[in-house]
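J.: Please see the structure below; I have some questions.
The values are calculated or read from the model by the stated rules, or taken from the named source; none is laboratory data. In this text, all values refer to a predicted model and were calculated from it rather than measured experimentally. All Cβ positions, glycine included, derive from the backbone under ideal geometry; neighbour counts span all protein chains shown. Accessible surface is based on the protein model in full, side chains and every heavy atom, while ligands, DNA and RNA are left aside. Shrake-Rupley method; radii C 1.70, N 1.55, O 1.52, S 1.80 Å.
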Amino acid sequence: MAMNLGHQIGTLSGKQIPTEFAAGEQPSSTTATPSAVWKSPAGNLRSNSPQENASPPMLTPPLTPNSAGEWSYLINLPMLRPDLSVACQAFATSSPLEMTEEEVAGTAEWTDGGRKDEKKGVSVFVMMPLDSVTNGNTVNRKKAMNASLHALKSAGVEGIMIDVWWGLVEREAPGAYNWGGYTELLDMAKKHGLKVQAVMSFHQCGGNVGDSCTIPLPKWVREEMEKDSDLAYTDQWGRRNYEYVSLGCDSLLVLKGRSPVQCYADFMRAFKDNFKHLLGDTIVEIQVGMGPAGELRYPSYPEENGIWKFPGIGAFQCYDKYMLSSLKAAAEAAGKPEWGSTGPTDAGHYNSWPEDTPFFKKDGGGWNSQYGEFFLSWYSQILIEHGERILSSASSVFEATGVNISVKVAGIHWHYGSRSHAAELTAGYYNTRFRDGYLPMAQMVARYGAVFNFTCIEMRDHEQPQDALCAPENLVRQVGLATKEAQVPLAGENALPRYDELAHEQILKASSLNIDGSSNDREMCAFTYLRMNPSLFQPDNWRRFVAFVKKMNEGKDCRRCLEQVGREAEHFVNVTEPFVQEAALALMP
């Protein structure tokens, strides 16, 4: 999934981040009251340790779910009234609570916003739990899921996002697909009138922030990777990453007689054949996984086993034999064969900072040399080519089905204010002070008529650590301009599980795409909210969420404030309280 870094909400001092911005760019001067968010200790975040691989301290306690269960950390929340007899009775069945005709009419009026004209605004989808389908290929917490989908539909949510895990469906043997729980889950979505964004998740679940369960790659894929460890991404110290098959072998027949790209295409084709009756009606979007967390990037900042901690710069992932073979060929073609034996060896460690490394430092750094330009161009270009190969397959498979295809790009906002943008470079985004790295990706997505999906939409610059030169607002602005120039639709996601009005207001602002004074007719094509859990159904959070969805649906031309919409939501929230309580109760472990 996107970088939902729960531990990166930094100090709210009301001061601007002392970043370096290109000429003409103005950093955000917005401030907020410290009570509006969690606070972490002020001060310099950098470690005083002389060790080169020392990590900055954790900024705040993690807000993401733990490995014991996605909802276990919420079990003691004072979220429901003592009198839950109605909700408990409802929980004993798989059907949502019955409503009177007047109540049904009230929710219907809320859902469509009382409008009879063409729909405007930004549709809101909600991400489902990562473990919505169990290892036994059944729907997890079926009663909770049913109640939750009913609640989401009543609030005016357009649909849900579901991870369709390669490691579950094709787990046992090549070509042996078990759609089990997905058939039931998609039928549930259809019954509740919810649209579905289906994510073709070709990566491992586990090892990134927010991964609350473990779903490895298919067993037979792991067997091949054990035989040939170079099928895994590799760093300069020989550490292997098994989240996603290395793109260096995209077209090689290394997986039981098929190439990785052929496996992805066959999986998508089987999905289409199995769910063709839902495509274009219930299933409206296919988001194609292209790397770790489903994002088009390298696994440059893996959290597994404490390898990387925010806001480290990460590390290049080009040291498996297949990637090195590609690098060698590129160097020879450029007339510089001496550049083809290895990647940069002076780029620090996962938890280094740019100025601590010869390669990324702002003055005289290798990133800004002839060699740096060659290496970074190659490293980013083969990532884009990887995206093209998979997009080409997806476009062919889902042609004439009525579904949109989308690609997810990570919101790597830390060290964005530095000249080298080190954290983006190690992830494969050749974006620096002197070069736009997002336009080539947007143009690639546009060639296939796909949607560019971007995260960190809810973040504000002043919420982030000052030392790390974070600038999510400027990053979102740059991506907005790149997608506008490429004429590609832009969709968004939030990176943190946020329920406060500050985050909602920032999403509303970002989704309006008022970024250059000439975007009056442009909005994000959709927004996906992270994530459905018991905390979302806590009364105050649910009230704010309902108002947020209403405001998103009304669009950028609506002049009413979020507070006014919130007041209008009160009656709706009261009417629907019983089955919202049912959903919250049923989701508890």
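J.: Quick query: amide H of Val126 versus all other amide H atoms, modeled in the peptide plane; which residues come in under 5 Å with a sequence gap of 5 or more or a different chain?
T.: Close amide H contacts, sequence-distant or interchain: Gly159, Ile160, Met161, Tyr529.
J.: Below 23 Å, Cα to Cα, which lysines can Lys328 reach? Residues fewer than 8 away in the same chain don't count.
T.: Here the lysines satisfying the reach criterion relative to Lys328 are Lys336.
J.: Using R₀ = 45 Å, calculate the FRET efficiency as 1/(1 + (r/R₀)^6) where r is the Cβ-Cβ separation of Thr183 and Asp346; round to 0.05.
T.: Given R0 = 45 Å and the Cβ-Cβ separation, E is 0.30.
J.: Under the rule of at least 5 residues apart or a separate chain, name every residue whose amide H is placed under 5 Å from the amide H of Ala526.
T.: For Ala526, the qualifying residues are Gly492.
J.: Now for a different question. Based on the alpha-carbon gyration tensor of segment 419-528 and its eigenvalue square roots a ≥ b ≥ c, which shape applies: rounded if a/c is under 1.5, prolate if not and a/b is larger than b/c, or oblate? Please report the intermediate quantities before stating the final value.
T.: Numbers: a/c = 1.68, a/b = 1.05, b/c = 1.60.
Oblate, because a/c is 1.5 or more while a/b does not exceed b/c.
J.: At 7 Å along the Cα-to-beta-carbon direction for both Thr134 and Leu252, put a label point, then send me their distance in nm to one decimal.
T.: 4.0 nm
J.: Tell me the carbon and sulfur percent of the accessible area for segment 255-363, rounded to whole percent, probe radius 1.4 Å.
T.: 46 percent
J.: Next up: Residue by residue, what Karplus-based ³J(HN,Hα) values in Hz, rounded to whole numbers, does segment 522-532 have, using 6.51, -1.76 and 1.60 with θ = phi - 60° and x for Gly and Pro?
T.: Ordered by residue, 3J(HN,Hα) equals 10, 9, 4, 7, 5, 9, 10, 8, 9, 8, 6 Hz.
J.: Over 24 Å between Cα atoms, which of Lys142/Lys256; Lys227/Lys321; Lys272/Lys551; Lys120/Lys195; Lys408/Lys484; Lys362/Lys484 qualify?
T.: Lys142/Lys256; Lys272/Lys551; Lys362/Lys484
J.: What FRET efficiency comes out for Ser377 versus Glu224 if R0 is 25 angstrom and r is the Cβ-Cβ distance? Round to the nearest 0.05.
T.: Once the sixth-power term is evaluated, E becomes 0.20.
J.: Using mean Cβ contacts within 10 Å as the protection proxy, how do 193-200, 389-396, 228-235, 458-465 order, highest first?
T.: Ranked by mean Cβ neighbours within 10 Å, highest first: 458-465, 193-200, 228-235, 389-396.
J.: Same structure again: Pull up all non-local amide H partners of Lys309: gap of 5 or more, or a different chain, and H-to-H distance under 5 Å with H placed in the peptide plane.
T.: Close amide H contacts, sequence-distant or interchain: none at all.
J.: From the phi of every residue in segment 179-189, what ³J(HN,Hα) in whole Hz does the Karplus formula 6.51 cos²θ - 1.76 cosθ + 1.60 yield, where θ is phi - 60° and glycine or proline is x?
T.: 8, x, x, 5, 4, 5, 5, 5, 5, 4, 4
J.: Starting from the Cα-Cα distance between Ala176 and Lys142, subtract it from 0.36 nm times their residue separation and give me the gain in nm to one decimal.
T.: 9.7 nm
J.: Under the 0.36 nm per residue contour assumption, what length would be gained going from the current alpha-carbon distance of Arg433 and Asn305 to full extension?
T.: Result for the pair: 42.8 nm of gain on full extension.
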